[in-house]
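J.: Once you've had a glance at the structure underneath, I'll fire off some questions.
The values are calculated or read from the model by the stated rules, or taken from the named source; none is laboratory data. Predicted model only: the values in this text are computed from it and were never measured. Positions of Cβ are generated from backbone atoms using ideal geometry, with glycine treated the same way; all protein chains shown enter the neighbour counts.
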Amino acid sequence: MIEKFLFIPSSEMRFLLKSESFNEGIVRVFDFEDAIHEYEIDDSLKNFPIINIRVNDWIRLPFNLIQARKIVEDVVKRNINKFIIPKFESIDHLIIFINMIKEFYHNPKFILLIENARAYNELNEILTQLKNDIYGVGIGSHDFSFETGIKNSNDYLRSIRINLLLMAKAHQVKPIDFVSRSIDNKKAFIEDLVEGFNCGYRSKFMINPKQITMTDRYPFFSKQEVEFFQEVLNYYNFELQSKSAVFKYKGILYEKMHLKSFQEILQWGNKFYE
């Protein structure tokens, strides 16, 4: 139900090795920015030959052209071509950074972290110009709040959270919900998870395996809701023989286009309640 992007400090061998045991549905993000110090970059790069690289692995680069180039030059040998770019301040700033990476890769993909007001203001232009390069976009909520002065809470960031999702979907790139700071406080984490889910997000950045476990165990839909969606699909497929674009079931009007989301819920529900 929720795609999980887990930040892993690239300097911490024990965390890197532990990530080998994660199922391949978890997207690993090897972090060379917030999670490590600048002086740890060289030693962190030495860890990579020990790790089995997966096709859905990403790297969060530091937004320093010299440091980032050093990392890209090294990881190109490991066939990692997916990068998260934080802290850029304008489209011009971003294009310089992307062009540097394209010196080493034919078709790299990027997730953008929006962490300041100007980047947020220029996001629509960025997605218009660079749509073929951008895989996803999210907010770096901690830095965004610090830079703008907006309180880092769901109530104050809700409109920004929704607006970013709408811009991403309008340009057909993946919106990724921001990190929750709650690791041991289950109630606080679930509140944040559900807030993002209700805002439309189906992907989320995470910083600890505990957050993955809490996400996997959360019932986004009740068993009764899952069973009802199955009834609606059965009615459409067998009673209506899949012929109607618009139909009514138990007094509620549905459109054929709604059924795709019902099928996704059923796929999740059948596994969750098995």
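J.: Provide a single number: the residues in the stretch 244-271 that are over 14 Å from Met1 (Cα atoms) and either in the same structural domain as Gly200 (by TED's automatic domain parsing) or in contact with a helix residue (DSSP H, G or I) (Cβ under 9 Å, 6 or more places away or on another chain) (or both). Walk me through how you get there before you give the answer.
T.: Keep residues of the stretch 244-271 that are over 14 Å from Met1 (Cα atoms), which gives 244-259.
Among the residues that remain, those that are also either in the same structural domain as Gly200 (by TED's automatic domain parsing) or in contact with a helix residue (DSSP H, G or I) (Cβ under 9 Å, 6 or more places away or on another chain) (or both) are: 244-247, 249-250, 252, 254, 256, 258-259.
Residues that pass the stated criteria total 11.
Yes or no, residue by residue, for (1) within 22 Å of Glu274 (Cα to Cα); (2) touching a residue at least 24 places away in the same chain (Cβ under 8 Å); (3) among the aromatic types (Phe, Trp, Tyr):
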| residue | (1), (2), (3) |
| --- | --- |
| Lys186 | no, yes, no |
| Glu195 | no, yes, no |
| Asn198 | no, no, no |
| Lys204 | no, yes, no |
| Pro209 | no, yes, no |
| Lys223 | yes, yes, no |
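J.: Same structure, new question: Of Glu195, Glu239, which residue is over 23 Å from Ile8 (Cα atoms), modelled with pLDDT of 95 or more and not basic (Lys, Arg)? It would help to see each step written out before you state the result.
T.: Working: Glu239 fails: modelled with pLDDT of 95 or more.
So the residue among Glu195, Glu239 that is over 23 Å from Ile8 (Cα atoms), modelled with pLDDT of 95 or more and not basic (Lys, Arg) is Glu195.
So that you can scan it fast, the table gives a plain yes or no per residue for (1) in a loop (DSSP other than H, G, I, E, B); (2) surrounded by 15 or more Cβ atoms within 10 Å (Cβ to Cβ); (3) outside the structural domain of Ser203 (by TED's automatic domain parsing):
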| site | (1), (2), (3) |
| --- | --- |
| Arg14 | no, no, no |
| Tyr39 | no, no, no |
| Asp43 | no, no, no |
| Ala68 | no, yes, no |
| Ile80 | yes, yes, no |
| Asn99 | no, no, no |
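J.: Continuing with this model, one more query. Mind checking which residues of the stretch 7-48 are among the aromatic types (Phe, Trp, Tyr) and either touching a Pro at 6+ places or on another chain (Cβ under 9 Å) or modelled with pLDDT of 90 or more (or both)? Walk me through it before giving the result.
T.: Start the filter on the stretch 7-48 by keeping residues that are among the aromatic types (Phe, Trp, Tyr), which leaves 7, 15, 22, 30, 32, 39, 48.
Correct list: Phe7, Phe15, Phe22, Phe30, Phe32.
J.: Name the one entry in Phe262, Phe238 that is aromatic (Phe, Trp, Tyr), closer than 20 Å to Arg202 by Cβ and part of a helix (DSSP H, G or I). Don't jump to the end; show me each part of the working.
T.: Values: Phe238 fails: closer than 20 Å to Arg202 by Cβ.
After applying the criteria, what remains is Phe262.
J.: Let me ask another. Can you name every residue in the stretch 49-63 that is over 16 Å from Leu17 (Cα atoms), modelled with pLDDT of 90 or more and not in a strand (DSSP E or B)?
T.: The answer is Val55, Asn56, Leu61, Pro62.
J.: Scan the stretch 23-37 residue by residue and report those that are closer than 24 Å to Lys271 by Cβ, touching a Lys or Arg at 6+ places or on another chain (Cβ under 7 Å) and assigned to a loop (DSSP other than H, G, I, E, B).
T.: Of everything in the stretch 23-37, those that are closer than 24 Å to Lys271 by Cβ, touching a Lys or Arg at 6+ places or on another chain (Cβ under 7 Å) and assigned to a loop (DSSP other than H, G, I, E, B) turn out to be Glu24, Ile26.
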